[in-house]
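Structure record follows, encoded as structure tokens.
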């Protein structure tokens, strides 16, 4: 679990630690990875972008400072990190991960718990996107998860899919577990990476009506053209009464609501948009879980609320299958990867 890498405070697991030891000398069950690309999670990048008013060099300097200070990429404001692409350099004799030196991999655990050092000051990055070319090393533990990069997909596309692969896997599980036949599923941030995958997974799992809410007209058109949602709506996922009224005007609250935004303040709107007895899944790392829990209580709303665990058995294979088999998902990913990051801000 990497406990021996925790420098402070003592006794906590690596994700909860303030600082980790990124020493490249690996233990018997660890893996050393040469870093090629870091990919910040959407909530973390949005926070840094807003804090520095889009000043790329300032964003880059802060990311370097976080890594240097903490021995990992763990945004102290959002509590989140991201993931990386790299090549396996060394494998300890007791590692259970099945990796070999030379494998090109994407990590499926957060950078917020991954020992990390960078050597180049991230000078190949302009600070204006989530994707960071980097030179450095990272360490995976015996309980870490990683996927060998698929040869049939471009690296940037594979990284984008694997970064959010927990979302469609849990969405599929929740929809299949719904007692109501063909439940109505609402996705907030539906044109983003996790949102589009979640829509496709919900359809495969037997969802009835699929509703996607997006923050701007460009995303609404892209979502409508993808065919992933039965209804593509323009709305503010941070506006509780506005979102509830929007849903009421289009058939009423959802049975399952999946939050895939990269902005805070979507907790209460998601609750009001979900029927009593329904389920809200929060995938956004911008979520305040106390706000969600106390908000549901204050609204006297009987909803089950789930934290979007990034790990589900088979999550990577499921997400990669969706990107290969669902043209609408692939179209939205290609659209995002071909656009400037700020243009599609709002969806995770």
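What are the pairs, 6+ residues apart or on separate chains, where a residue within region 30-58 that is outside the structural domain of residue 259 (by TED's automatic domain parsing) and more than 24 Å from residue 194 (Cβ to Cβ) has its Cβ under 8 Å from a residue that is at pLDDT 95 or above and part of a helix (DSSP H, G or I)? Matching pairs, first to second residue: 52/58; 52/59; 52/62.
If only residues of region 229-249 that are touching a strand residue (DSSP E or B) at 6+ places or on another chain (Cβ under 6 Å) and assigned to a loop (DSSP other than H, G, I, E, B) are counted, the one that is surrounded by the fewest Cβ atoms within 10 Å (Cβ to Cβ) is 230. Number of residues in region 118-136 that are surrounded by fewer than 18 Cβ atoms within 10 Å (Cβ to Cβ) and either part of a loop (DSSP other than H, G, I, E, B) or in contact with a helix residue (DSSP H, G or I) (Cβ under 7 Å, 6 or more places away or on another chain) (or both): the value is 8.
Please tell me if residue 336 is in a helix (DSSP H, G or I), assigned by TED's automatic domain parsing to the domain that holds residue 212 and out of contact with any strand residue (DSSP E or B) (no Cβ under 9 Å at 6 or more places or on another chain). Explain how you work it out, then say what you get.
Details: in a helix (DSSP H, G or I): yes; assigned by TED's automatic domain parsing to the domain that holds residue 212: yes; out of contact with any strand residue (DSSP E or B) (no Cβ under 9 Å at 6 or more places or on another chain): no.
The answer is no for residue 336.
The set of residues in region 142-185 that are assigned to a loop (DSSP other than H, G, I, E, B), crowded, with 22+ Cβ neighbours inside 10 Å and within 19 Å of the chain's Cα centre (by Cα) comprises 144, 164, 165.
Considering only residues in region 28-76 that are under 19 Å from residue 308 (Cα atoms) and assigned to a loop (DSSP other than H, G, I, E, B), the one that is nearest to the chain's Cα centre (by Cα) turns out to be 41.
Please verify whether residue 161 is touching a residue at least 60 places away in the same chain (Cβ under 8 Å) and over 25 Å from residue 188 (Cα atoms), treating the condition exactly as stated. So residue 161 fails the test.
Screening 289, 283 for residues that are touching a residue at least 60 places away in the same chain (Cβ under 8 Å) and outside the structural domain of residue 144 (by TED's automatic domain parsing) leaves exactly one candidate, 283.
Which one is farthest from the chain's Cα centre (by Cα) among residues in region 77-88 that are surrounded by fewer than 17 Cβ atoms within 10 Å (Cβ to Cβ) and more than 17 Å from residue 156 (Cα to Cα)? Walk me through it before giving the result.
Applying the first criterion (surrounded by fewer than 17 Cβ atoms within 10 Å (Cβ to Cβ)) to region 77-88 yields 77, 79, 87.
Subsequent filtering for residues that are more than 17 Å from residue 156 (Cα to Cα) retains 77, 79.
On the way: 77: 16, 79: 13 Å.
Filtering first and then ranking leaves 77.
The values are calculated or read from the model by the stated rules, or taken from the named source; none is laboratory data. Fair warning: this is a prediction, and the values are worked out from it, not measured in the lab. Virtual Cβ from ideal backbone geometry, glycine too; neighbours counted across all protein chains shown.
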